[in-house]
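Colleague: Next up is a structure, given as structure tokens.
Where a number appears in this text, it was derived from the coordinates with a stated rule and is not lab data. All values reported here derive from a predicted model rather than from experimental measurement. Because the Cβ atoms are built from the backbone with ideal geometry, glycine has one as well, and the counts that use them run over all protein chains shown.
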Amino acid sequence: MHCGILVLFISLFLTLVGPCELLDNGLAKSPPMGWIAWERFRCTTDCNVYPDNCISEDLFMAMADKLVEDGWKDLGYQYVNIDDCWSALVRDVNGKLQADQDRFPNGIKKLAEYIHSKGLKLGIYGDLGHSTCGGYLGTLPETIDIDANTFAEWEVDMVKLDGCNSNSTERSIGYPKMSHALNSTGRAILYSCSWPAYEDGLPPKVNYTLIGQLCNLWRNYDDINDSWDKVKAIINWFGDHQEDLQPAAGPGRWNDPDMLIVGNFGLSQDQSKAQLAIWAILAAPFFMSNDLRTISDDAMNLLQNKLLIHIDQDKLGQQGVRIKKDQDFQLWKRKLSHGQFALAYLNTADLGEARSFTLSLSPLHIEDCSLGYNIYDVFDKQLVAFLTSNHTHSFRVNPTSVVLFFIRPVC
Ligand code: GLA
């Protein structure tokens, strides 16, 4: 469809449903945090061969247990999210979605009860299309209301609505319709739209003002996988398109560069820091997709870093931006509440030694507090300098790694 006609169509739709139909759930004032199955556990459905790793109620209950036992929940990781491949292949006699009976013998409502009993929240996955990306039951326009009501009856707390097997016109109708349907259930359900990712993530095909009124978070770009190359590609894409993306984010509405893969097989400890630092600068949702039963202490230390989480969750809710870039280096900056800042020096070179840098605040326009700033190295967990406009701080960044500073005024 010609995009002018599409925009007209969406505006007409919104006029018809009226402003009171916009998503109004009061959720995600800071980027949501939790755990999600997809990147680590994919569409593993053979529980005979993979009894511990198949997509089943046991897996989600086990992760919920770990979120509580190992202190994740207390740090803010509160969602336990089912992704694709959870459903049966046919709807029930009433036309409702149903879970695979072998892998979820007690059904999603019972699983939600279990998750809630742990003080956590349950997320589920749907797809606006005739089937999900993995080939399971999709949500067609005529089942949006019934599916939203089913999720609410099950006491689900978040819905990720994927977009495989649909076209642009169907998405332009279906994503707003699901937003409205979730709102109408009366249950506060966090709504994650994959809509922009299926429209190449950028204006004019994507209207981020509209998306921010309809969804709490949205995937903008390609899927992550367990590799540094993919993390780097996502970082570059978000930097290259920040003029369009940065204004879209704010309390209640977040760009989603995809899951945290820290704790899996593909990233070194240094690369893991880089993913976390840039995701925190981007005010990204922190959804880990890893195995909390076997995660290493090193990975856990990174993911549980309180200052890192504090930066990600900052109340101002302003997404950071890349302020410098050359072939092997990027500098990212995020303005935080109370005159604070985060700075990430990212060394993207994958050859050679650590590279030297010097931090000086005035050229970075961090100068409002004339008394000076305390500089904390987030991953080293220490105060490394006190700087006024006359001082500098020198440090090194390993290849394919980052140094993340938290900068607090003493004023
Ligand atoms: C798409 C999404 C992924 C995941 C899979 C499931 O690729 O982008 O995040 O949900 O579908 O099939």
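Colleague: Multiply the residue gap between residue 89 and residue 188 by 0.36 nm, knock off their C-alpha separation, and tell me the result in nm, one decimal place. Could you put the intermediate results ahead of the total?
Modeller: Working: separation 99, 0.36 × 99 = 35.64 nm, distance 2.78 nm.
Additional length available on full extension: 32.9 nm.
Colleague: Separate question: Helix 3-17 versus the longest principal axis of the chain: what is the Cα-based angle in degrees, 0 to 90, to the nearest 10?
Modeller: 70
Colleague: Follow-up. Which order do the peptides 354-366, 29-41 come out in when sorted by mean C-beta neighbours inside 10 angstrom, highest first? Walk me through the numbers on the way to the answer.
Modeller: Working: 354-366: 14.7, 29-41: 22.8.
Top of the packing list down: 29-41, 354-366.
Colleague: Just to confirm the number: angle between the C-alpha axis of helix 269-281 and the first principal axis of the chain, 0 to 90 degrees, nearest 10?
Modeller: Helix 269-281 sits at roughly 80 degrees to that axis.
Colleague: Quick check for you: which residues of segment 87-105 have the amide N under 16 Å from the point 7 Å beyond the Cα of residue 48 toward its beta carbon?
Modeller: Inside the label zone: 102-103.
Colleague: Quick check: pseudo-label points 7 Å beyond the Cα along Cα→Cβ at residue 233 and residue 392, how many nm apart are they?
Modeller: Each label point is offset 7 Å from its Cα along the Cβ direction, giving 3.8 nm.
Colleague: Return 294, 348, 185 ranked ascending by Cβ neighbour count within 10 Å, so the fewest neighbours appear first. Let's see the in-between values first.
Modeller: Numbers: 294 10, 348 20, 185 16.
Result, fewest neighbours first: 294, 185, 348.
Colleague: Still on this structure: In vacuum, with every alpha carbon of segment 188-267 counted as one equal point scatterer, what does the Debye formula give for log10 I(q)/I(0) at q = 0.11 Å⁻¹? Two decimals, please.
Modeller: Log10 of I(q)/I(0), two decimals: -0.29.
Colleague: Please give the FRET efficiency for residue 351 paired with residue 304, using the beta carbon to beta carbon distance and R0 = 25 Å, rounded to the nearest 0.05. Don't skip to the answer; put the middle values down first.
Modeller: Working: r = 32 Å, r/R0 = 1.26.
The computed FRET efficiency comes out at 0.20.
Colleague: Evaluate the relative contact order of segment 321-409 (contact order divided by residue number), counting alpha-carbon pairs under 8 angstrom at least 6 apart; express in whole percent.
Modeller: Working: 187 pairs, mean separation 30.3, N = 89.
Averaging sequence separation for qualifying contacts and normalising by length gives 34 percent for segment 321-409.
Colleague: I would also like to ask the following. Only bridges whose two residues both fall in the chain count here: according to DSSP, what percent of them are antiparallel, nearest 5?
Modeller: On the way: 37 of 62 bridges.
The antiparallel proportion sits near 60 percent.
Colleague: Right, another one. How far is helix 168-184 tilted off the main Cα axis of the chain, in degrees rounded to 10, range 0 to 90?
Modeller: Between helix and principal axis, roughly 90 degrees.
Colleague: Provide 160, 109 in ascending order of the number of other Cβ atoms located within 10 Å of each residue's Cβ, fewest first. Could the numbers behind the result be given before it?
Modeller: Numbers: 160 25, 109 15.
Result, fewest neighbours first: 109, 160.
Colleague: Quick one: order 282, 292, 316 by neighbouring beta-carbon count within 10 Å, fewest to most. Write out the running numbers ahead of the final one.
Modeller: Numbers: 282 29, 292 22, 316 15.
The most exposed by this proxy come first: 316, 292, 282.
Colleague: Which lysines does residue 121 reach when only Cα atoms under 28 Å apart count, and residues fewer than 8 places away in its own chain are ignored?
Modeller: 29, 66, 73, 96, 109, 110, 160, 177, 273, 306, 315
Colleague: Also, quick follow-up: Between residue 243 and residue 168, how many nm apart are label points set 7 Å from Cα along the C-beta direction?
Modeller: A separation of 2.1 nm, rounded to one decimal place.
Colleague: Report the relative contact order of segment 141-281, percent, no decimals, based on alpha-carbon pairs under 8 angstrom and at least 6 residues apart.
Modeller: Values: 167 pairs, mean separation 28.1, N = 141.
Reported as a whole number, the value is 20 percent.
Colleague: Using Cα-Cα distances under 8 Å and only pairs 6 or more residues apart, what relative contact order does the chain have, in percent?
Modeller: Numbers: 861 pairs, mean separation 56.8, N = 411.
It rounds to 14 percent for the chain.
Colleague: Further, regarding this structure: Tell me the net charge near residue 329. Cut-off is 13 Å between Cβ atoms, residue 329 excluded, with +1 for each Lys or Arg and -1 for each Asp or Glu. Write down the numbers at each step before the final one.
Modeller: Numbers: positive: 232, 322, 324, 325, 355, 396; negative: 326, 328, 350.
With Lys, Arg at +1 and Asp, Glu at -1, the neighbours total +3.
Colleague: So, one more: Compute the distance in nm between two label points, each set 7 Å from the Cα along the Cα-to-Cβ direction, one at residue 140 and one at residue 25.
Modeller: Computed distance between label sites residue 140 and residue 25 equals 2.5 nm.
Colleague: Taking the convex hull of the alpha carbon atoms in the chain, what volume per residue do you get, in Å³?
Modeller: With only Cα atoms used, the chain gives 143 Å³ per residue.
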